[in-house]
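One structure, pasted below without further comment.
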Amino acid sequence: MLFLYNLLMIFAGFVIKIIALFSPKIKLFVTGRQTVFETLTLQIGPSDRTIWFHAASLGEYEQGLPVMEKLKLEFPNHKLVLTFFSPSGFEVRKNNTVADVTVYLPLDTKVNAKKFIQLVHPDYVFFIKYEYWPNYLNELKKLQIPTYLISGIFRENQLFFKWYGGFYRKALDAFNHFFVQNSGSKELLARLGKTNVTVSGDTRFDRVVSILEKNNTLDFISEFKNNTLTIVIGSSWPKDESLLVNFINSSRHNLKFIIAPHNIKPEQIQDLKKIICKKTVLYSEKENKNLSEYNVFITDTIGILTKIYSEADIAYVGGGFGNPGVHNILEPATFGVPIVIGPNFSHFAEATALVNMKGCITVSNQKELNEAFENLIQNEDIRHEKGHICSTFVKMNKGATKSIVKFILNESLKNLQ
């Protein structure tokens, strides 16, 4: 099976180059990988000591960030190398301040894996949540480089648990320890004979709790809000927006709406603006305007949604009407904001928990969305109650980073003895 996998990787490399001729996103995927080895050669010397973190995309980067920050403090003489698989992660965070070197992860071929690890020569390796690349993992095991999975989550439908997934199961042998989010993941790994597992929880809770320690003020958002009840719509997709715009256009309450679409392509932003009947301003148009006069603010930029949630009285988090499902609800939750989401959330433990705890409301159609918003708008006590449930849930689940870092430091001391 590994032989067939390697043939598939080589074939995929050729196919992706052809697709890149027609897809801007895949073009970034291809061109971004062309200079990886050159970058590593220039930025990492043979005597440099390094720690390598791999994140599939932006969400996994945010998940791993608390651990990266702590280990950077604990190992100040190491260079931190960060890799991304997806352009949506790399392009947004390629200029991050935590990593010393940030590159795309080359495709998982034997040649690429061997060359990459030879150039990086890490002392420790961390894969965040998922993405198990057999050639990289096999090479790490061969070289006996300590490798860890953090905030891991396993499900029964994954390849590891299929009769034909033997080569994939074997790749898991590279991990010295698994830090998983829940007991279900631990039980699944136990079926594979893995006992080197700790249920440490999800490091995203530590990430969002740390947000409260920062200055989240945005003067232009405060000016726009003007002490008016505000609904923040984060990471919305067209399926979300079709319902949300109907509510915005028909609402007679004194409300403000802030929309941060998942996709900020100019043509899609303009299409969204055109179907909103109320006075609307874009982030890119905000200069020299009296923002308090507007009813709807659309953020055609990235990187400010977290701060915007701090001004929310009610939050709608998008993605729940599509696949794989709802986006990150922990950011509004940490600010104590009641949350409304679409019906597809079952793959996300934090969303499932908050729905069960009634801090988060799930809706399946226009009628349910209207009712959820009306109930929250008209009942301040209910808003505060659900918001309190959300913030308490986040605080109760922090601590995964501390557990992981303590384990790594203990392992480091053992290696010195």
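Identify the residue in the range 18-44 that is farther than 19 Å from Val111 by Cβ and outside the structural domain of Gly89 (by the TED database) and, among all such residues, is surrounded by the fewest Cβ atoms within 10 Å (Cβ to Cβ).
Leu42
Matching residues to (1) out of contact with any Cys (no Cβ under 7 Å at 6 or more places or on another chain); (2) under 20 Å from His327 (Cα atoms); (3) aromatic (Phe, Trp, Tyr):
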{"position": "Phe220", "(1), (2), (3)": "yes, no, yes"}
{"position": "Ser251", "(1), (2), (3)": "yes, no, no"}
{"position": "Ile264", "(1), (2), (3)": "yes, yes, no"}
{"position": "Leu272", "(1), (2), (3)": "yes, yes, no"}
{"position": "Asn288", "(1), (2), (3)": "yes, no, no"}
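Give Ala315, Ala353, Ala372 a once-over and let me know the one that is within 20 Å of Asn216 (Cα to Cα) and either in the same structural domain as Asn263 (by the TED database) or modelled with pLDDT of 95 or more (or both).
Being within 20 Å of Asn216 (Cα to Cα) and either in the same structural domain as Asn263 (by the TED database) or modelled with pLDDT of 95 or more (or both) holds for just one of Ala315, Ala353, Ala372, which is Ala315.
Then there is this: Of all residues in the range 132-145, which are open to solvent by 30 Å² or more (accessible area, probe 1.4 Å) and closer than 22 Å to Leu58 by Cα?
Trp133
Now for a different question. Just to be sure before I move on: is Leu159 assigned by the TED database to the domain that holds Asn112, more than 17 Å from Trp52 (Cβ to Cβ) and open to solvent by less than 50 Å² (accessible area, probe 1.4 Å) in the structure I sent?
no
To continue, here is another question. Restrict the check to the range 112-119 and report whether at least one residue is in a loop (DSSP other than H, G, I, E, B) and either under 26 Å from Asn397 (Cα atoms) or free of Cβ contacts under 8 Å to residues at least 24 places away in the same chain (or both).
No; the residues of the range 112-119 include none that is in a loop (DSSP other than H, G, I, E, B) and either under 26 Å from Asn397 (Cα atoms) or free of Cβ contacts under 8 Å to residues at least 24 places away in the same chain (or both).
Could you tell me which of the residues Gly303, Gly319, Gly399 is in contact (Cβ under 8 Å) with a residue 40 or more places away in the chain, touching a helix residue (DSSP H, G or I) at 6+ places or on another chain (Cβ under 9 Å), open to solvent by 40 Å² or more (accessible area, probe 1.4 Å) and at positive phi?
Checking each option against the conditions leaves just Gly303.
Exactly one of these conditions fails for Ser47: (1) open to solvent by 90 Å² or more (accessible area, probe 1.4 Å); (2) part of a helix (DSSP H, G or I); (3) at pLDDT 95 or above. Give me its number.
Of the numbered conditions (1) open to solvent by 90 Å² or more (accessible area, probe 1.4 Å); (2) part of a helix (DSSP H, G or I); (3) at pLDDT 95 or above, the odd one out for Ser47 is (2).
Would you be able to tell me the number of residues in the range 162-180 that are at pLDDT 95 or above and open to solvent by 30 Å² or more (accessible area, probe 1.4 Å)?
Going through the range 162-180 one residue at a time, the tally reaches 2.
Next question. Open to solvent by 50 Å² or more (accessible area, probe 1.4 Å) and hydrophobic (A, V, I, L, M, F, W, C): is that true of Ile264 in this structure?
Criteria met by Ile264.
Is there a residue in the range 73-85 that is among the acidic types (Asp, Glu) and either under 23 Å from Tyr132 (Cα atoms) or in a strand (DSSP E or B) (or both)?
Within the range 73-85, not a single residue is among the acidic types (Asp, Glu) and either under 23 Å from Tyr132 (Cα atoms) or in a strand (DSSP E or B) (or both).
Output the strands (runs of 3 or more DSSP E) that fall wholly within the range 169-244 and possess 1 or more residues being in contact with a Gly (Cβ under 7 Å, 6 or more places away or on another chain) and outside the structural domain of Asn370 (by the TED database), or say none.
Counting at least 1 such residues, we get 177-180.
Considering only the range 350-358, I want to know if a residue exists there that is under 30 Å from Val125 (Cα atoms), open to solvent by less than 50 Å² (accessible area, probe 1.4 Å), of a type in the set (A, V, I, L, M, F, W, C) and free of Cβ contacts under 8 Å to residues at least 60 places away in the same chain.
Yes, the range 350-358 contains a residue that is under 30 Å from Val125 (Cα atoms), open to solvent by less than 50 Å² (accessible area, probe 1.4 Å), of a type in the set (A, V, I, L, M, F, W, C) and free of Cβ contacts under 8 Å to residues at least 60 places away in the same chain.
Further question: Testing Phe126 on (1) part of a strand (DSSP E or B); (2) open to solvent by 40 Å² or more (accessible area, probe 1.4 Å), one condition comes back false. Which one is that?
Among (1) part of a strand (DSSP E or B); (2) open to solvent by 40 Å² or more (accessible area, probe 1.4 Å), the lone unmet condition for Phe126 is (2).
Can you tell me which of Ile231, Ile211 is over 30 Å from Phe247 (Cα atoms), out of contact with any Lys or Arg (no Cβ under 7 Å at 6 or more places or on another chain), of a type in the set (A, V, I, L, M) and open to solvent by less than 20 Å² (accessible area, probe 1.4 Å)?
Unique residue meeting the criteria: Ile211.
Just checking, does the range 284-291 include any residue being surrounded by 15 or more Cβ atoms within 10 Å (Cβ to Cβ), in contact with a strand residue (DSSP E or B) (Cβ under 6 Å, 6 or more places away or on another chain) and not in a loop (DSSP other than H, G, I, E, B)?
No, the range 284-291 contains no residue that is surrounded by 15 or more Cβ atoms within 10 Å (Cβ to Cβ), in contact with a strand residue (DSSP E or B) (Cβ under 6 Å, 6 or more places away or on another chain) and not in a loop (DSSP other than H, G, I, E, B).
Taking the options Phe90, Phe75, Phe84, Phe116, name whichever one is open to solvent by less than 20 Å² (accessible area, probe 1.4 Å), hydrophobic (A, V, I, L, M, F, W, C) and over 12 Å from Phe53 (Cα atoms).
Answer to the check: Phe116.
Can you tell me which of (1) surrounded by 15 or more Cβ atoms within 10 Å (Cβ to Cβ); (2) more than 25 Å from Gly152 (Cα to Cα) is the one Glu331 doesn't meet?
So the condition that Glu331 fails would be (2).
Pull up the range 64-123, narrow it to residues that are within 20 Å of the chain's Cα centre (by Cα) and among the polar types (S, T, N, Q), then point me to the one that is nearest to Lys141 (Cα to Cα).
Among those residues, the one meeting the criterion is Thr83.
What number of residues within the range 1-17 are more than 15 Å from Ala113 (Cα to Cα) and either crowded, with 16+ Cβ neighbours inside 10 Å or under 23 Å from the mean Cα position of the chain (by Cα) (or both)?
Qualifying residue count for the region: 1.
The values are calculated or read from the model by the stated rules, or taken from the named source; none is laboratory data. Keep in mind that what you see is a predicted model, and the values were worked out from it rather than measured. Please note: Cβ atoms are built from the backbone with ideal geometry, for glycine as well, and neighbour counts cover all protein chains shown. The protein model used for the area step is the full one, side chains on, heavy atoms only, and it has no ligands, DNA or RNA in it. Shrake-Rupley method; radii C 1.70, N 1.55, O 1.52, S 1.80 Å.
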